[in-house]
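Colleague: Next up is a structure, given as structure tokens.
The values are calculated or read from the model by the stated rules, or taken from the named source; none is laboratory data. A quick note: this is a predicted structure, and the numbers were derived from the prediction, not measured. Reconstructed Cβ throughout: ideal geometry from the backbone, glycine too, with neighbour counts over all protein chains shown. The protein model used for the area step is the full one, side chains on, heavy atoms only, and it has no ligands, DNA or RNA in it. Shrake-Rupley method; radii C 1.70, N 1.55, O 1.52, S 1.80 Å.
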Amino acid sequence: MNTKSPYQIKIGKILSVKQMTSMEKMFEIALPGEDLSHAPGQFVEVSLLGIGEAPLSVSSSPTKQGSFELVVRKVGKLTGALHKLKAGDEVGIRGPFGQGFPVRILEGNDLLFVAGGLGIVPLRSLINFVIGNRKNFGKVDILLGCRNPKEMLFHEELAGWKERLDVNFNCTVDKADPDWKGNVGLITSLIPGVTLDSERTFAVVVGPPIMYKFVIMKLLDKNIPERQILISLERHMKCGLGKCGHCQIGNTYCCQDGPVFTYEKVKAIGGAI
Amino acid sequence: MQYNLLNKNQLNDLISFLAREQKVVAPVAQGLNNYAFTEIKNGIQATLNYIPTTLPPKKYFMPQRETLATYDTTQGQNMDPVVEHEKVALFGVHTCDLAGIQCLNMVFSEKPKDQNYLARKNAITIIGYECNAYCDRFASCRLVHNHTPNGGYDLFMTNLGDKFILHVNTPAGEKIIERSHLFSLAAKADLAALERLRQKKREIFEKNEIPIEHEKIPELFDKSYQSKVWADLDKRCVACGNCTNVCPSCYCFDVIDEPNLDLTTGRRYRQWDSCQNETFAKVAGGENFRKERGARQRHRYYRKFRFPIEKFSRFFCTGCGRCSRACMAKIDLKETLVSLIKEQGMENPNAGRQSTIAEKPATF
Ligand SMILES: Cc1cc2nc3c(=O)[nH]c(=O)nc-3n(C[C@H](O)[C@H](O)[C@H](O)COP(=O)(O)OP(=O)(O)OC[C@H]3O[C@@H](n4cnc5c(N)ncnc54)[C@H](O)[C@@H]3O)c2cc1C
Ligand code: SF4
Ligand code: FES
């Protein structure tokens, strides 16, 4: 076949699989002979033949070379089948797709990360990129929220962020269990406590749809300009190519124009959050 | 610009000539008021006096099901991409459907290009056919300026009564003229006859089918996002997806894997999908971004009249009227637009007819 099909997959080899919680597993995947070369915030379409494809965020930073990481929650057909795979197995990969976080624009500024639930999965790519290039960025605050301590992902890495002197890390759970010693309450409760210079702060927010409205309200209270609030939108995605229509919001194709948008843009689209 | 003539009794010879080199498809009558683009072997089978076919010609550019890749599990996860195409001559395409094909061409030529679509497109020859009057009361081609040809064909035929006059638009069209030896050059008198016919058409299609200016439609939709009309459609629509299936400019699809019976080999194909299906925009977290039928209907209308303006500088409604003909719930595109116009007080009787019903039926 001489024409190049955009549906052509590349073979990815699973290097390791790690159970993270009862619902999520992390897969380390290598493309033989090449790097994925993604930007933080981009996603790939993962394919298993006979089952199909699903969009999954790249969770590792591009600074990690030789392989990349996906963190997958088991919710259905493809994600269920992925959970049965082990090191040495193969998957199909298309991508990376979409507009990630605008790293160039973020450089030189202060960053406030707000992650809710699975939102930490794509955000981790940017956080580790920033930590890997720490001197290029100003003050860094990370706020993390999830429903209960059992759902918390990346325990060791979070502990590492917490220990760093050049990163302010804070987390909360909606509902504590007997072993939990930290904050209890919604993620919005952590925002008023952050000291920031609104002029030079970019807020990067990723979480479930319901979270955005409330978090953004708090960020606007802090005078962060709308164009300095970045969010990543989840939509049903099939092709990743701006064609199949599933991911469309207003006039915008989330898979190509997003998934990362400024709040200014999202507000203009209407009906997005 | 070159015009050629074809004698009426040589239509059959033209079809036979085309059929020697490729599959020829043309509108064929399928019972009362139903027509379908179907393969023909001679001109007698084709019907040139037809209302828009049930399915538009998009089925040749983007079949309902189209294989994207095949696999063989003994080869691991690897997949062989498939780009299928076949040489086809589309005969007798109305101007509204030419516009539909132009819309699809724009979408699939946009980066990242869709090789599956483009391979098919490049193997298709298009011979358009002019409507000299309205096909039926559902059409609104004048409103979207598709009642006259705006390109998008290799050859374009107009029925002058005793003969056809053909406009040659591409080298592929020219080749047909040259190699078939069926045509003669049009004389001045023929061009004058064509001009008279177009003048008569200007009278028939003098006003828009509904009382609004073409240029005001984007503004109408800018104002109508929160309209009550969507709530009305919410109650009526049964979410069957007929409207999007028959739409010449709807192209949304799903991608599905299907194992063969041997359970070793299989294929990945795409299949027409519809934004009217309830799960179309549902995501894993349980959120559904267009949960109500009214919101999905609104999305359909905006995809025809508002969204494509910025991206492609044109309406994606071709005015063919198929969605209104096919709707289970009798949701009528012209009526919907009139309701929106009235709600916004944007009625302009000088721009278009008041009633959505009375159109003069076609005379050929
Ligand atoms: C940009 C993006 C990044 C994502 N990143 C991650 C990630 O890092 N980790 C993770 O676990 N999940 C992620 N998701 C969600 C993930 O894509 C879905 O969980 C997955 O598609 C479900 O596939 P399935 O075959 O297992 O589910 P199915 O059995 O097909 O269906 C289960 C549920 O998932 C929904 N769904 C099905 N297909 C899609 C689709 N193509 N897109 C969105 N929802 C779908 C269905 O509506 C249904 O509610 C991401 C989604 C997007 C759009
Ligand atoms: S054809 Fe009519 S009933 Fe069916 S989805 Fe379209 S508008 Fe709704
Ligand atoms: S995923 Fe197909 S258009 Fe975005």
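Colleague: Of the heavy-atom accessible surface of chain A (probe 1.4 angstrom), what whole percent is carbon and sulfur?
Modeller: C and S fraction of accessible area: 51 percent.
Colleague: Also, I was wondering about something else. As an exercise, identify the trypsin sites (Lys or Arg not before Pro) in segment B:1-62 lying in DSSP coil whose Cβ has no more than 11 other Cβ atoms within 10 Å.
Modeller: Numbers: sites: B:Lys8, B:Arg20, B:Lys23, B:Lys41, B:Lys58, B:Lys59; in loops: B:Lys41.
Passing sites in segment B:1-62 are B:Lys41.
Colleague: Within the P(r) computed for the protein assembly as shown, what percentage of the Cα pairs occupies the region above 43 Å?
Modeller: Summing the P(r) tail past 43 Å for the protein assembly as shown gives 34 percent.
Colleague: Comparing B:Thr265, B:Thr170, B:Thr74, which has the greatest mean-square fluctuation in the GNM of chain B with Cα pairs linked when under 10 Å apart?
Modeller: B:Thr74
Colleague: Restricting to DSSP H runs of at least four residues, report the calculated mean residue ellipticity at 222 nm for chain B, -39500 (n - 2.57) per run over all residues, nearest 500 deg cm²/dmol.
Modeller: -9500 deg cm²/dmol
Colleague: I would also like to ask the following. Hey, could you pull the Cα Rg and Dmax for chain B, both in Å?
Modeller: Rg then Dmax for chain B, in Å: 21.9, 69.
Colleague: Eigenvalues of the Cα gyration tensor times 5, then square-rooted: what semi-axes does that give for segment B:2-204, in whole angstrom, largest first?
Modeller: 33, 19, 16
Colleague: Quick one: of A:Lys25/A:Lys84; A:Lys4/B:Lys87; A:Lys13/A:Lys135; B:Lys207/B:Lys334, which pairs are farther than 22 Å apart, Cα to Cα? Intermediate results must be reported in sequence, preceding the final value.
Modeller: Working: A:Lys25/A:Lys84 10 Å; A:Lys4/B:Lys87 20 Å; A:Lys13/A:Lys135 34 Å; B:Lys207/B:Lys334 14 Å.
From the list (A:Lys25/A:Lys84; A:Lys4/B:Lys87; A:Lys13/A:Lys135; B:Lys207/B:Lys334), the Cα-Cα distance tops 22 Å for A:Lys13/A:Lys135.
Colleague: Measure out, as a whole number of angstrom, how far apart the alpha-carbon centroids of segment B:103-178 and segment A:122-169 sit.
Modeller: 57 Å
Colleague: Please state the relative contact order of chain B as a whole percent: Cα pairs under 8 Å, 6+ residues apart? Can you show the working numbers first?
Modeller: Numbers: 670 pairs, mean separation 82.4, N = 364.
Once divided by the residue count of chain B, the mean separation gives 23 percent.
Colleague: For segment B:214-343, count the residues as N, evaluate 2.2 N^0.38 Å, and divide the Cα radius of gyration by that value, please.
Modeller: Working it through for segment B:214-343, the quotient is 1.20.
Colleague: Separate question: Roughly how many nanometres apart are two label points built 7 Å out from the Cα toward the Cβ at B:Asn105 and B:Asn78?
Modeller: Those two pseudo-labels are separated by 3.8 nm.
Colleague: With each pseudo-label sitting 7 Å past Cα toward Cβ, what's the B:Glu174-B:Glu195 distance in nm, one decimal?
Modeller: With each label point 7 Å from Cα toward Cβ, the separation is 2.5 nm.
Colleague: Within segment B:222-242, whose backbone N sits under 16 Å from a point 7 Å along Cα→Cβ of B:Ile309?
Modeller: Only B:222-227 pass the distance filter.
Colleague: For segment A:129-144, take each phi angle, set θ = phi - 60°, evaluate the Karplus expression 6.51 cos²θ - 1.76 cosθ + 1.60, and give the result in whole Hz per residue in order, putting x for glycine and proline.
Modeller: Per-residue couplings from phi come out as 5, 5, 5, x, 10, 3, 5, 7, 10, x, 5, 10, 10, 10, 10, 10 Hz.
Colleague: Using a cut-off of under 19 Å, list every residue of segment B:49-73 whose amide N is near the label point 7 Å from the Cα of B:Cys240 along the Cα-to-beta-carbon line.
Modeller: Output list for this probe position: B:52-56.
Colleague: Which trypsin sites (Lys or Arg not before Pro) does segment A:168-263 hold that lie in a coil by DSSP with at most 14 other beta carbons within 10 Å?
Modeller: A:Lys175, A:Lys181
Colleague: With only alpha-carbon pairs counted, each pair once and no self-pairs, how large is the Kirkwood hydrodynamic radius of segment B:202-275 in angstroms?
Modeller: 16.9 Å
Colleague: Given the pairs A:Lys18/A:Lys181; B:Lys58/B:Lys121; B:Lys228/B:Lys342, which are separated by over 18 angstrom at their Cα positions?
Modeller: Over 18 Å apart, Cα to Cα: A:Lys18/A:Lys181.
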